[in-house]
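Below is one structure, written out as structure tokens, with a few remarks after it.
The values are calculated or read from the model by the stated rules, or taken from the named source; none is laboratory data. Nothing here was measured: the structure is a model prediction, and the numbers come from that model. Glycine gets a Cβ as well: all are built from the backbone with ideal geometry, and neighbour counts include every protein chain shown. Note: accessible area is taken over every heavy atom of the protein model, side chains too, but ligands, DNA and RNA are not part of it. Shrake-Rupley method; radii C 1.70, N 1.55, O 1.52, S 1.80 Å.
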Amino acid sequence: MKNVVIAVLTGLTLASCSKSEVPESLTTLQSEVTEAMDMLSNLDSASIAEQYNKVKPYFEYLSTTDYDSTLKDVYIKDLTWLDRYQRAIFKWQGKHRSHLMELEESASQLKDLTHDAIYNQIDTNELRIFIKQERNAIEGVLRNIRTRGGEILFYGNGADSMATRLDSIFPDIQ
């Protein structure tokens with residue numbers, strides 16, 4: 001009899017702790033937060049400055065000199081590119097830290113929600129509401145990281161080739 005009671009209690013305990021599947025919307029949101037945090041790690045102020053400093057002297061030179069019609073393409077294309085790069089960095093300043101804090105908070109919330117979903121500690125309706133609330137809370141952050149962060153990464157990836165190109169035109173700058 002004692003063994004039967006233990007078996008029943010063990011069965012009830014296992015049943016109450018049974019694992020459930022995590023909703024796809026929660027997994028998707030977790031992936032987006034992780035991806036955004038990875039992008040942020042490549043967008044710290046030191047790495048941005050390192051890339052931008054490769055082209056900064058050319059931007060300063062072209063911005064402060066008189067227009068030279070023989071270098072029209074440089075002033076139209078390259079200076080525009082450099083100006084957009086600088087503006088993207090300016091718009092990004094100050095947001096990195098706040099975005100990182102918001103994403104870390106969201107990652108913690110999502111981890112807790114995942115745990116609760118796996119162990120059936122939350123109603124499906126409540127889970128759906130919490131996922132929606134979390135998405136709404138960080139949607140702007142995710143969008144800003146994708147657009148502004150992606151823009152900075154795009155320009156940063158082109159900084160070497162731009163510096164090489166401009167160095168061939170202006171070898172005395174640097």
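Only one of Ser63, Ser45 is in contact (Cβ under 8 Å) with a residue 40 or more places away in the chain, of a type in the set (Gly, Ala, Ser) and surrounded by 11 or more Cβ atoms within 10 Å (Cβ to Cβ); which?
Sole residue among the options that is in contact (Cβ under 8 Å) with a residue 40 or more places away in the chain, of a type in the set (Gly, Ala, Ser) and surrounded by 11 or more Cβ atoms within 10 Å (Cβ to Cβ): Ser45.
Under 6 Å between Cβ atoms, at least 6 apart or on separate chains: pull out the pairs that start in region 115-130 with a residue that is over 15 Å from Glu21 (Cβ atoms) and end on any residue that is open to solvent by less than 90 Å² (accessible area, probe 1.4 Å).
Pairs that qualify, where the first residue is over 15 Å from Glu21 (Cβ atoms) and the partner is open to solvent by less than 90 Å² (accessible area, probe 1.4 Å), are Phe130/Leu113.
The rows are residues; the columns are (1) within 26 Å of Glu35 (Cα to Cα); (2) surrounded by 18 or more Cβ atoms within 10 Å (Cβ to Cβ).
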residue: Asp78; (1), (2): no, yes
residue: Asn125; (1), (2): no, no
residue: Gln133; (1), (2): yes, no
residue: Thr147; (1), (2): yes, no
residue: Tyr155; (1), (2): yes, yes
residue: Met162; (1), (2): no, yes
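Check Lys111, Lys54, Lys91, Lys72 and return the single one that is more than 30 Å from Ser31 (Cα to Cα) and open to solvent by 80 Å² or more (accessible area, probe 1.4 Å).
Going through Lys111, Lys54, Lys91, Lys72 in turn, just one is more than 30 Å from Ser31 (Cα to Cα) and open to solvent by 80 Å² or more (accessible area, probe 1.4 Å): Lys72.
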